[in-house]
Each structure stands twice: as C-alpha cells, then as structure tokens.
1. Tell me which of these LEU239 doesn't satisfy, since it passes every other one: (1) at pLDDT below 80; (2) surrounded by 18 or more Cβ atoms within 10 Å (Cβ to Cβ); (3) of a type outside the set (Val, Ile, Thr); (4) in contact with a helix residue (DSSP H, G or I) (Cβ under 8 Å, 6 or more places away or on another chain).
2. Looking at the structure I just gave you, is THR216 open to solvent by less than 10 Å² (accessible area, probe 1.4 Å), among the β-branched types (Val, Ile, Thr), touching a Ser or Thr at 6+ places or on another chain (Cβ under 9 Å) and closer than 28 Å to LEU403 by Cβ?
3. Does ARG328 count as of a type in the set (D, E, K, R), in contact with a helix residue (DSSP H, G or I) (Cβ under 8 Å, 6 or more places away or on another chain) and either assigned to a helix (DSSP H, G or I) or over 18 Å from PHE123 (Cα atoms) (or both)?
4. What are the pairs with Cβ atoms under 6 angstrom where one residue, in the stretch 35-47, is under 13 Å from VAL251 (Cα atoms) and the other, located anywhere, is of a type in the set (D, E, K, R) and modelled with pLDDT of 90 or more? Sequence gap at least six, or different chains.
5. Looking at the stretch 391-400 only, could you name the residues that are of a type outside the set (Ser, Thr, Tyr) and within 10 Å of LEU362 (Cα to Cα)?
6. Scan the helices (runs of 4 or more DSSP H) fully inside the stretch 79-156 and keep the ones with 1 or more residues being at pLDDT below 85 and open to solvent by 10 Å² or more (accessible area, probe 1.4 Å).
7. Of the residues GLY172, GLY164, which single one is buried (at least 20 other Cβ atoms within 10 Å of the Cβ), part of a helix (DSSP H, G or I) and modelled with pLDDT under 90?
8. List pairs: first residue in the stretch 206-230 and at positive phi, second residue at pLDDT 80 or above and crowded, with 24+ Cβ neighbours inside 10 Å anywhere in the structure, Cβ distance under 6 angstrom, at least six positions apart or on different chains.
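The values are calculated or read from the model by the stated rules, or taken from the named source; none is laboratory data. Bear in mind the structure is a predicted one, so any value in this text is a computation, not a measurement. Every residue, glycine among them, receives a Cβ derived from its backbone with ideal geometry; neighbour counts consider all protein chains shown. In case anyone asks, the SASA skips ligands and DNA or RNA and just uses the protein heavy atoms, side chains included. Shrake-Rupley method; radii C 1.70, N 1.55, O 1.52, S 1.80 Å.
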Amino acid sequence: MPAQRSASAPSLVRSVTTFSLFLFILGDVLGAGVYVLAGEIAAISGGALWVPLVVALVLALLTASSYAELATKYPRAGGSSHYATRAFGPFVGFLVGFCMLAAGIVSVGTLALGFAGDYLRTFVTLPTMLVVVVFLALLAVLNARGISESMWVNRVATLIEVSGLLLVIVLGAIVLLRGNGEFSRLTTLGTPENGPVAAVLAGSVLAFYSYVGFETSVNIAEETKDPARSYPRALFGALITAGVVYALIGVVASAVVPTDELAGSSAPLARVISAAGIVPPVVFSAIALVAVANGALLTGIMSSRLTYGMAADGLLPGFLGRLLPGRRTPWVAIVVTTALSVLLALTGTVEVLAGTMVLLLLVVFLAVNASVLVLRRDRVEHAHFRVPIVLPVGGLISCLLLLTQVEGQVWRRGLPLLAVAAVLAALAAWRRRRAGTSVR
C-alpha cells in the first residue's frame, strides 16, 4: 500500500511568500562563514580571491538548478531525502537524509560554539556551556512558535547581516578612494604552494562552503504559497545576490589588506573595518553575532523539517512527525534535533564539528543531481520548473570535482559516519520492504 498522506492528515501551513523565501535563502547563504573564510581562501588562492568565489557561485548554481526542478515538482518537507527516495528507493533516500540531517545538526552545534566565542566575549564573558544551552533553547522555542515568526526574525537578521557586509564593501571602497589600497593584488592568482589552476580548485572548495545553505530552503517548499513560481525566483535571486556580495567582498578585502596579513587573520573582514577607522570594531562584532544566530536559526528550521519529512516518508520513527496543536509545527523533531546539537556542541570543537560538513553535503548534492535525471520519466499533474538536462549533468561533474579536493583527514572522519548511515539505511529499507510501502 502506498505511503502517502490522506486528505484529512494535518499539513504544514502555506504562509511563506517569494520575498520571505528570498530572504530565507539569502540569510542562510550569507551566514557566519563569510566572516572568516576570506582569509583562508586568500591563503590558498592568493590575492585574486574573488576568482574562486565566482567559480564556486557557478558550481552552486548548477546544483541549485536541480533543487529548483525537484522542489517545485515535489513541494514536500523532506527535500533531498524525499527526492532520492523517489528516484532510488528508501536505502539511498535514508542515506541522503541522514547526511543532510547530520550536516545540519553539526552545523547548528558549530554555530552555537561560534556564538559563544570571541565575538560574544567582546561584550561579556560567560561559560561556553551556559551560552550554548541557552542559545539553542531560545532558537528551539522560536522555531516551535511557527514558521511565520521564524521568518519575521530572519528578515530582520538578514537585513542586519547583509548591511554588515555592505558596510565592509563601502568602507573598503573609502579606503581605496583614499589611495591606500593595492589593486595589483586582484590579479595575483596562486601561491608558492599552489599554481593558478590548483589555487582555483582548492580555493573553490572553501568558497563553495560559503554558498552552502541554499539546499535547506527546499524543506519549507511545503509551506510556500506558490512553490512553482516562487521557489526558482527566490533561489536564483538569492544565490546571485550572494555571489555579487561575495565578489565585492573579495575585491575590497584583497585590495585593502595585504594578502599575507589577510591570510593570517581569523577575522579578515574586521581588518577592512579597522583600516577605514570610521566604525568601532564592536559594531562589527554585534553584526557577526546576528549572522551566527541567524544561520543557526535557519539551519535548525531545516533540520527539524527534514526530520519531520523523513518521518512522514517512513524513514524515521513516526513520533518525529508529531505536530504541535494549534501551531502545527514539528515540535518533537525540534526537541530531538536541538538536543543532539547541544550534545555535539558540548562535547566537540569547532574544527572537529565542521570537518565533515562539506563531504556530507557533496554526497547529498550528488544524489540530488542524479535524482533529477532519473525522475524525468515521472510525470506530475501540476506545473513545475524544468531545467535543461546539461545543468544537472554539470552539477554531478562539479560535485565529483570538488570531492577530489577534500583532504584525506576529512575522509577519515567522514567515512565512518557514512558507514553508520549505510547500515541504518539498510535497516530502513528492510523495514519498508516488509511493510510493502512506497513513496508517492
């Protein structure tokens, strides 16, 4: 018997507009990573750090096109896991969902540690454990109140963090107009360790991480008023906007701050602020805290909706799909994913938690790009976005290319996690076969 929701089953509220979705994606993409990654990219790629940022945008757009087709064809919470289940069955569906869910939970824990770190210490010094628990508890309460309240907070936070990045661009331009910059660095591609080609490839892996976040938006497609029309516009508009901002950040940061100094800094954009001497550094610390909190909120929403969707597809225990009466938000999924993020944050470090994220998400992106090709034969009654077949093929190739740049130590950390996912996926597939269910 097909596993599908009955007409009388409770569903999520369709209240998300195109503009709200645009801000959701933009806020998730323009997250905490951009405040620290410019220096690391410069260390690998040289002064022309804007080049890998632009290359990474192109690679992200390839995979985003696959998400645009699938999210409008199957507007369901569950996202990547749901698509992979339809295309390849419950084993792959669970594997993809597990990777996506693990990456999201790890990300929230990492951001919680980041929130409790140096930026917060600019204002007050508190025990890390206390900050992590209170911070994640507050985000869980906001998530449980409803998607509309969360999206309202996201609008405010996104405007603040985008304003912060625009502030860096404007202040950097002022420094350059004073004649204190060096434009020749913008054409210096490569380092003594990496030639131009290697510099672009290796730098693009880090830069690609800056665009990660767009995939979380498919998990609220079920809560979007008109997904076929709204989702592609919001997705591509947000990614291109983020790409323009990143490219300008790369230009001003490299032209204003010497490459060696930029590469050795854990707060590279703060160097631009300091060089201008106009805005107090404490202001930028406040903006960074908002960016970290917003990223954690949006990723927490994704994780809970993905858990809810996987439960609806029979890939996770059914109790995870329970909705809060009145609010109709997945409260059990919110509690469980938040608790796991707290546990990870309290028992790990930023470096350990973040080490396997790119690997996990590249596995997800491979499956999503392949799912588009397989599901082309599946027809649906409603209109949906459709991409040229060359784009998902390009997405597959780009993911494989980026996987070749993942460091050996990350593989050593990620492979055991993927092995656990495979075992759990086999059990989930076995249970589904015994029950005789399928996804529609």
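1. (1)
2. Details: open to solvent by less than 10 Å² (accessible area, probe 1.4 Å): yes; among the β-branched types (Val, Ile, Thr): yes; touching a Ser or Thr at 6+ places or on another chain (Cβ under 9 Å): yes; closer than 28 Å to LEU403 by Cβ: yes.
Here the answer is yes, as THR216 does meet what is asked.
3. No, not satisfied.
4. Correct list of pairs: GLY47/ARG185.
5. Across the stretch 391-400, the qualifying residues are LEU396, CYS399, LEU400.
6. 90-115, 118-121, 128-145
7. Every option except GLY164 fails the conditions.
8. Sorted first by the residue in the stretch 206-230, then by its partner, the pairs are GLY213/VAL29.
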